[in-house]
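The values are calculated or read from the model by the stated rules, or taken from the named source; none is laboratory data. This one's a predicted model, so the numbers in the text were calculated from it and none came from an experiment. Every residue, glycine as well, gets a Cβ built from its backbone with ideal geometry; the counts of neighbours run over all protein chains shown. Side chains are part of the model used for accessible areas, which takes the heavy atoms of the whole protein and leaves out ligands, DNA and RNA. Shrake-Rupley method; radii C 1.70, N 1.55, O 1.52, S 1.80 Å.
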Amino acid sequence: WEFYTLIHLDMEIWKKIKGFENYQISNEGRLKSLHFGKEIFRKSKPTKQGYIRFALGKKGKQFIFLAHRLVAEAFIKNPEKKPCVNHKDENKSNNNVSNLEWVTHSENNNFGTRGNRIAKALFKKVCKIDENGNIIQEFKSVNEASKESNLSASLISMICNGKANGNFKFK
């Protein structure tokens, strides 16, 4: 008798999406539609934050879903009913089921390097500038600029990133 060793090959597995039975999501984060007897792989689009999203159609309406959430709902049990899906490697585009886990809001906020990234951003040098681009005042951090300017740290960060306007500009 010869003995054979079975080798487990990572295979792509497909499951129907609850409420959207004409679509399937894979354990690798790919999506396909099953309309008119044809399998059509759907293109994804990244969000501004870097997450992968898909548009699914139903009864003439379009619905947007994040890929990591679709994968988690299809492949990962959630007996504790945790509300968030975390990317273990912090790569928002890696939606393989092995990289995802259900977490609480608190667990998601405290995971990995998030705290270090926020701290680093808050302790960057910030300059208040006038309409001509001249530096009016320098600050050691966003927090210091916030205290001195009577503006919230989040507003100053948004102004620095071009996402908001204020009476003064910051960079």
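Being open to solvent by 90 Å² or more (accessible area, probe 1.4 Å) and more than 22 Å from the chain's Cα centre (by Cα) is the filter here, so list the residues in the range 42-59 that pass it.
The one that is open to solvent by 90 Å² or more (accessible area, probe 1.4 Å) and more than 22 Å from the chain's Cα centre (by Cα): Lys59.
Within the range 94-104, is even one residue more than 20 Å from Glu12 (Cα to Cα) and open to solvent by 40 Å² or more (accessible area, probe 1.4 Å)? Spell out the reasoning first.
Narrowing the range 94-104 to residues more than 20 Å from Glu12 (Cα to Cα): 102-104.
Filter once more, keeping what is open to solvent by 40 Å² or more (accessible area, probe 1.4 Å): 104.
There is at least one residue in the range 94-104 that is more than 20 Å from Glu12 (Cα to Cα) and open to solvent by 40 Å² or more (accessible area, probe 1.4 Å).
Working carefully through the options Ile76, Ile52, find the one that is in contact with a Leu (Cβ under 8 Å, 6 or more places away or on another chain), without any contact (Cβ under 8 Å) to a residue 40 or more places away in the chain and β-branched (Val, Ile, Thr).
Details: Ile52 fails: without any contact (Cβ under 8 Å) to a residue 40 or more places away in the chain.
On inspection, the qualifying residue turns out to be Ile76.
If Asn86 meets every condition in (1) surrounded by 17 or more Cβ atoms within 10 Å (Cβ to Cβ); (2) modelled with pLDDT under 95; (3) out of contact with any helix residue (DSSP H, G or I) (no Cβ under 9 Å at 6 or more places or on another chain) apart from one, which number is that one?
Result: Asn86 fails condition (3) only.
How many of the residues in the range 131-166 are among the aliphatic types (A, V, I, L, M), under 28 Å from the mean Cα position of the chain (by Cα) and open to solvent by 70 Å² or more (accessible area, probe 1.4 Å)?
Residues in the range 131-166 being among the aliphatic types (A, V, I, L, M), under 28 Å from the mean Cα position of the chain (by Cα) and open to solvent by 70 Å² or more (accessible area, probe 1.4 Å): 1 in total.
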